[in-house]
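I have placed the structure first, in the form of structure tokens, so that the comments after it can refer back to it.
Read-outs: derived from the displayed coordinates by stated rules, not from any lab. Just so we're clear, the structure is a prediction, and the values are computed from it rather than from any experiment. For neighbour counting, all protein chains shown are included, and Cβ atoms are generated from backbone atoms with ideal geometry for every residue, glycine included.
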Amino acid sequence: MIAFSPARIALYAALLLLGLAVGTAGSLVQGGWFPGGLLLALLGSGGLFYGATRATGTQLGTLVSAGGWLLAILLLNLGRPEGDGAFTAGLGPLLFMLGGMVLAVMCATLTRPAQPGD
């Protein structure tokens with residue numbers, strides 16, 4: 001069972017905000033400098049997910065950061081009533097969305113190092 005202390009709750013809130021920031025930045029970078037921007041956006045997303053896994057030691061850390069990331073890219077993908085959106089049509093945005101989801105699943109299913117006393 002995970003003990004939810006105020007410090008842990010603050011860590012999860014920070015991971016959610018980081019997920020929102022990385023998702024927003026990745027959405028803008030991947031379309032601006034294709035294909036290097038796509039690689040940079042995926043590396044940033046993977047770094048966030050892996051760092052969240054290591055920082056919390058649980059899968060919940062990865063899921064919270066990936067939830068913020070997914071929320072950001074979905075909101076940017078919806079666009080505005082005028083039809084403007086952050087994503088362009090093409091292979092780049094699709095690879096960013098699918099690649100980010102694959103990275104999140106990979107980081108959430110990593111084996112955890114042995115804990116002292118196990």
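Couple of notes before you dig in:
- For the pair residue 71 and residue 7, label points projected 7 Å from Cα toward Cβ lie 2.5 nm apart.
- Among the chymotrypsin sites (Phe, Trp or Tyr not before Pro) in the range 15-74, those placed in a DSSP loop whose Cβ has at most 14 other Cβ atoms within 10 Å are 33.
- Each residue in 96, 4, 34 was given a count of other beta-carbon atoms within 10 angstrom of its own, and listing them fewest first yields 4, 34, 96.
- Estimated distance in nm for a label pair at residue 39 and residue 105, the labels positioned 7 Å out from Cα along Cα-to-Cβ: 2.5
- When 22, 29, 105 are arranged by Cβ crowding within 10 Å, least crowded first, meaning fewest neighbours, the order is 105, 29, 22.
- Projected over every direction and averaged, the convex hull enclosing the alpha-carbon atoms of the range 1-75 yields 4.7 nm².
- Semi-axis lengths, Å, the range 36-77, gyration tensor of Cα atoms, sqrt of 5 times eigenvalues: 19, 14, 4
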